[in-house]
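Taking it in order: structure first as structure tokens, then the write-up.
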Amino acid sequence: MQSVRDHLEILLSRLATRASDECVFVRLYPEAARAAADASDARRKAGVTLGPLDGTIVSIKDLFDVAGEATTAGSLMLKTAAPALRDAAVVSRLRQAGAVILGKTNMTEFAFTAIGTNQHYGTPGNATDASLIPGGSSSGAGVSVGEGTCDIAIGSDTGGSVRIPASLNGVIGFKPTARRVPLTGAYPLSATLDSIGPLALSVAACAVADAVMAAEEVPPLHLPLPLAGLRVGIPRGVPFEDTESEVATAFERCLGQVERAGARVADLSIDDLLAEMRAATRRATIASMEGAEVHADWLATGASVPVDPHVSGPLSRALAIPASVYIRTIRRRKAL
């Protein structure tokens, strides 16, 4: 069996060969990672384990605090910010579970856009074809898993920021219920919608990472969960209007497998819900209004360094939205 240290050295060697053109990672922790890998190997040799994440190579998005350094969140504005006093809650929990944290991955500025570009730190090329976009905002997270430079990546998801890069890079991405995983030490965008989730090559790996970050018992992954008798709802209508044929074919094939496993597939419509939510957020989205509050100071005075116009533009417009509109939007969302 390959040692964790040997696995780590292979990844570090791969990254060293492209160091002058690195866009997936914005920071690496080679010495700390080597120490964590050696500790994991020593535990394995002694017949001791900290759990299923012990020795797993993990990357973390550049919005999670690591003690002693500034958290830049994809922006030049935060390069001179005060160093974090302690690790983010999820980083601490990952370390305690034996994860080997390799480095911080690139992201769109302030986690606000979904394409995955970053004009300051470069744009990671898609894991399948580097000429294609990676998806965002957890762009480097999706690519690092897809290209195999980590086993599991940790990202954040407000309106798709884990799920979009996961889908575009051909990996699994999971957005848990908001506040299931603590946001302490994660640079915020939207207090209502932000959540922290894993990206990996399997659902099982995501389940393990999610349980560790939520401080819950890791589920028994060797026991298959029966689908027989479950009713699976498919939101036909608006969500499928622009689906490409090969995606639709793959989706229907998956539904067929679900039915053969004994589940009952039921077509449902949520078009009325989507229309109501679209009407409620007509003037601005919840993420943009809450993000505008996070960045209100520099939006009001002007940024001292360049900011992606795809970020500053929507946030500036959202800053001008009256508080009454925001409050009514939140109330309407809760009612819906």
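The values are calculated or read from the model by the stated rules, or taken from the named source; none is laboratory data. These figures come from a predicted structure and were not determined experimentally. Reconstructed Cβ throughout: ideal geometry from the backbone, glycine too, with neighbour counts over all protein chains shown.
Taking region 116-138 as the range and being under 19 Å from LEU76 (Cβ atoms) and not small (Gly, Ala, Ser) as the test, the residues that pass are THR117, ASN118, GLN119, HIS120, TYR121, THR123, PRO124. In the set (1) of a type outside the set (A, V, I, L, M); (2) within 22 Å of GLY146 (Cβ to Cβ); (3) surrounded by 14 or more Cβ atoms within 10 Å (Cβ to Cβ), ARG34 fails one condition alone, (2). If you go through region 318-336 and keep only what is in contact with a helix residue (DSSP H, G or I) (Cβ under 7 Å, 6 or more places away or on another chain) and part of a loop (DSSP other than H, G, I, E, B), you end up with ILE321, LEU336. Could you please let me know if ASN118 is touching a residue at least 60 places away in the same chain (Cβ under 8 Å), surrounded by 22 or more Cβ atoms within 10 Å (Cβ to Cβ), part of a loop (DSSP other than H, G, I, E, B) and touching a Pro at 6+ places or on another chain (Cβ under 9 Å)? Here the answer is yes, as ASN118 does meet what is asked.
Does ALA84 satisfy the criteria of being more than 26 Å from ALA36 (Cβ to Cβ) and part of a loop (DSSP other than H, G, I, E, B)?
In short, no.
Condition test on ALA284, is it touching a residue at least 12 places away in the same chain (Cβ under 8 Å), over 30 Å from VAL311 (Cβ atoms) and not in a helix (DSSP H, G or I)? Criteria not met by ALA284. Counting the residues of region 180-233 that are of a type outside the set (Lys, Arg), part of a strand (DSSP E or B) and over 21 Å from ILE57 (Cα atoms) gives 3.
Residues are listed down the side, and each one gets a yes or a no for (1) among the aromatic types (Phe, Trp, Tyr); (2) modelled with pLDDT under 95; (3) crowded, with 20+ Cβ neighbours inside 10 Å:
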site: MET1; (1), (2), (3): no, yes, no
site: VAL4; (1), (2), (3): no, no, yes
site: ARG43; (1), (2), (3): no, no, no
site: VAL48; (1), (2), (3): no, no, no
site: THR56; (1), (2), (3): no, no, yes
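Filtering region 1-15 to residues that are of a type in the set (S, T, N, Q) and under 19 Å from PHE25 (Cβ atoms) leaves only SER13. Set side by side, the residues LYS61, LYS79 differ, and just one is among the basic types (Lys, Arg), under 20 Å from SER138 (Cα atoms) and in contact with a Gly (Cβ under 7 Å, 6 or more places away or on another chain), which is LYS61. Exactly one residue out of LEU315, LEU274, LEU299 is touching a residue at least 24 places away in the same chain (Cβ under 8 Å), within 25 Å of GLU109 (Cβ to Cβ), assigned to a helix (DSSP H, G or I) and of a type in the set (A, V, I, L, M, F, W, C), and it is LEU315. Checking each residue in region 272-307 for being among the acidic types (Asp, Glu) and surrounded by 19 or more Cβ atoms within 10 Å (Cβ to Cβ) picks out only GLU290.
When ARG264, ARG331, ARG253 are checked against the criterion of being without any contact (Cβ under 8 Å) to a residue 12 or more places away in the chain and surrounded by 11 or more Cβ atoms within 10 Å (Cβ to Cβ), a single residue qualifies: ARG331. ASP21 meets the stated requirement of being within 19 Å of THR149 (Cβ to Cβ) and of a type outside the set (A, V, I, L, M, F, W, C).
Only one of the numbered conditions (1) of a type outside the set (A, V, I, L, M, F, W, C); (2) under 23 Å from LYS175 (Cβ atoms); (3) out of contact with any Leu (no Cβ under 6 Å at 6 or more places or on another chain) is not met by GLU276, and that is (3).
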